[in-house]
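Presented below is the structure to which this report refers.
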Amino acid sequence: MLKALTSTGDDRLPVNAADGRLLEYRIDEAGDWTGRQLVASGWSGFDKRVSPNGGLYYGATSAGGMYWYQDLNPDGGLGNGITLTDAGGVTVHLRSP
């Protein structure tokens with residue numbers, strides 16, 4: 001089961017799976033989809049993710065934690081450059097007006 005989908009650039013859609021894998025789907029010029037695994041585990045805790053492109057990933061957990069990852073080789077397609085940049089996370093407190 002897929003949990004959270006975002007876009008990291010033209011025709012590139014990384015998604016985290018419920019089993020913890022980080023996957024990436026790409027759409028080629030003919031409109032065909034190809035998929036690959038970027039990371040084998042550790043991504044199941046994110047309910048929401050966003051990426052402003054450039055190899056940056058921000059993930060939010062249901063407990064309110066936010067984490068920042070950076071892919072040092074975002075065009076490589078292998079996921080071996082993805083590192084946790086903010087190991088402590090930031091707790092987000094939502095307030096009602």
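Rule-based calculations on the coordinates, nothing more; no lab input. Everything numeric here is computed off the predicted structure, so don't read it as measured data. Glycine gets a Cβ as well: all are built from the backbone with ideal geometry, and neighbour counts include every protein chain shown.
Overview of values
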read-out: Gained length - Ser62 relative to Ser41, 0.36 nm times residue gap less alpha-carbon distance; value: 5.8 nm
read-out: Cα-projected label distance for Ala18 with Leu72, points at 7 Å along beta-carbon direction, nm; value: 3.5
read-out: Residue-span extension gain [Tyr25 to Val50] - 0.36 nm each, minus C-alpha spacing; value: 7.5 nm
read-out: Sequence of Arg12, Arg49 once ranked by neighbouring C-beta atoms within 10 Å, starting from the fewest; value: Arg12, Arg49
read-out: Fewest-first ranking of Thr8, Thr61, using other Cβ atoms within 10 Å as the exposure measure; value: Thr61, Thr8
read-out: Point-to-point label distance, Asp32-Leu5, nm (Cα→Cβ direction, 7 Å offset); value: 2.1
